[in-house]
Amino acid sequence: KGIENFIKAIQIKENLNSPDAITAYVNLGLSYNVNGQKRESIFYYNKALKSFRAQNDQAGEALCLNNIGEVYSNYTATNGYIDSAIYYYDQAYLLFETLQDSNSMARSYNSKADLYRSQEDYEQAIITYKKALALVPSNGLKRLQTSIINNYTSLRLDLPNITKSDLQEIIQLAKRSYRLSTESGLIQAQSFAALVLFNAYTQNNQFKKAAPFGKEYINLNDSLNNQASIDA
């Protein structure tokens with residue numbers, strides 16, 4: 001239904017030669033991607049991309065390039081689009097760098113690291129998550145910070161031959177994510193960080209410190225599941 005309405009909006013805006021049509025293109029690209037329609041999503045992102053370039057809007061251009069990378073990432077596991085996804089992420093990153101947009105640069109690296117992780121290229125995933133962590137400003141978007149930290153720390157915990165030093169790094173980062181998500185009311189990120197802390201402390205044989213986070217994770221996860229049931 002949302003897609004139908006966006007298409008109607010585009011038809012009206014195009015008939016009026018309205019510059020607002022570009023927003024509808026982006027929204028339609030997003031809607032098609034969520035709906036699993038890759039070809040249609042890329043078609044409308046490319047229409048938006050062309051319009052942003054015509055307006056010399058580098059921020060909009062970078063957004064579209066990154067979103068196209070996301071589309072290819074969603075389909076790369078079964079259809080081998082990894083090279084396309086990385087190409088678009090890299091093109092977006094170059095523009096974000098030109099714009100000195102550290103948050104978006106970090107987000108682009110985070111998405112790229114997720115892609116490497118999905119391909120089980122864990123070495124590249126870790127390298128890229130570290131780049132994202134180095135880029136995100138300490139006063140940057142808290143949702144973005146917690147996302148990068150949670151992705152990185154959970155991957156490190158899953159890898160073999162983890163050292164005491166690794167665990168200490170993971171614990172310090174996860175504590176930061178837990179604090180940021182708690183301050184911001186990001187319940188899902190807080191739950192994830194609590195689980196990472198429980199597992200990290202347990203692997204480090206710090207069972208007394210692990211126990212409260214295990215309880216916290218269970219309580220937060222129950223709350224999220226209950227809310228999901230209510231929303232359904």
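For the range 106-133, name all the residues that are basic (Lys, Arg) and within 15 Å of ALA85 (Cα to Cα).
ARG107, LYS112, ARG117
Considering only residues that are touching a Ser or Thr at 6+ places or on another chain (Cβ under 9 Å) and crowded, with 17+ Cβ neighbours inside 10 Å, which ones fall in the range 10-23?
Residues satisfying the conditions are LYS13, ALA21, ILE22.
Return the residues of the range 144-168 that are surrounded by fewer than 19 Cβ atoms within 10 Å (Cβ to Cβ) and under 16 Å from LYS209 (Cα atoms); say none if nothing qualifies.
LYS164, GLN168
Within the range 204-223, can you find the residues that are open to solvent by 80 Å² or more (accessible area, probe 1.4 Å) and either assigned to a helix (DSSP H, G or I) or in contact (Cβ under 8 Å) with a residue 60 or more places away in the chain (or both)?
PHE207, LYS208, LYS209, LYS215, ILE218, ASN219
Is the range 181-188 home to any residue that is among the aliphatic types (A, V, I, L, M), assigned to a helix (DSSP H, G or I) and surrounded by 16 or more Cβ atoms within 10 Å (Cβ to Cβ)?
Within the range 181-188 (the criterion being among the aliphatic types (A, V, I, L, M), assigned to a helix (DSSP H, G or I) and surrounded by 16 or more Cβ atoms within 10 Å (Cβ to Cβ)), the answer is no, since none of the residues qualifies.
Checking the condition farther than 29 Å from GLN37 by Cβ and in contact with a Gly (Cβ under 8 Å, 6 or more places away or on another chain), which residue from SER102, SER165 passes?
From the options SER102, SER165, the qualifying one is SER102.
Kindly evaluate SER84 against the criterion of being within 23 Å of SER31 (Cβ to Cβ), without any contact (Cβ under 8 Å) to a residue 60 or more places away in the chain and open to solvent by less than 30 Å² (accessible area, probe 1.4 Å).
No.
Restricting attention to the range 37-59, does a residue exist that is part of a helix (DSSP H, G or I), of a type in the set (S, T, N, Q) and open to solvent by 90 Å² or more (accessible area, probe 1.4 Å)?
Within the range 37-59 (the criterion being part of a helix (DSSP H, G or I), of a type in the set (S, T, N, Q) and open to solvent by 90 Å² or more (accessible area, probe 1.4 Å)), the answer is no, since none of the residues qualifies.
If you scan the range 15-36, which residues turn out to be assigned to a helix (DSSP H, G or I) and charged (D, E, K, R)?
none
What about TYR75, is it assigned to a helix (DSSP H, G or I), at pLDDT 95 or above and open to solvent by 30 Å² or more (accessible area, probe 1.4 Å)?
Spelling it out, it is not the case that TYR75 is assigned to a helix (DSSP H, G or I), at pLDDT 95 or above and open to solvent by 30 Å² or more (accessible area, probe 1.4 Å).
Return a yes/no flag: does the range 215-228 have any residue that is of a type outside the set (Lys, Arg) and closer than 13 Å to THR146 by Cα.
No: zero hits.
Among ALA106, ALA125, ALA134, which is small (Gly, Ala, Ser), farther than 23 Å from GLU40 by Cβ, assigned to a helix (DSSP H, G or I) and in contact (Cβ under 8 Å) with a residue 40 or more places away in the chain?
ALA106
Matching residues to (1) at pLDDT below 90; (2) within 20 Å of LYS130 (Cα to Cα):
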residue	(1), (2)
LYS1	yes, no
ALA24	yes, no
LEU28	yes, no
VAL34	yes, no
VAL71	no, no
GLY80	yes, no
ILE86	no, yes
ALA92	no, yes
ASN103	no, yes
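The values are calculated or read from the model by the stated rules, or taken from the named source; none is laboratory data. Predicted model only: the values in this text are computed from it and were never measured. Reconstructed Cβ throughout: ideal geometry from the backbone, glycine too, with neighbour counts over all protein chains shown. Heads up: the accessible areas ignore ligands, DNA and RNA and are worked out on the full protein's heavy atoms, side chains in. Shrake-Rupley method; radii C 1.70, N 1.55, O 1.52, S 1.80 Å.
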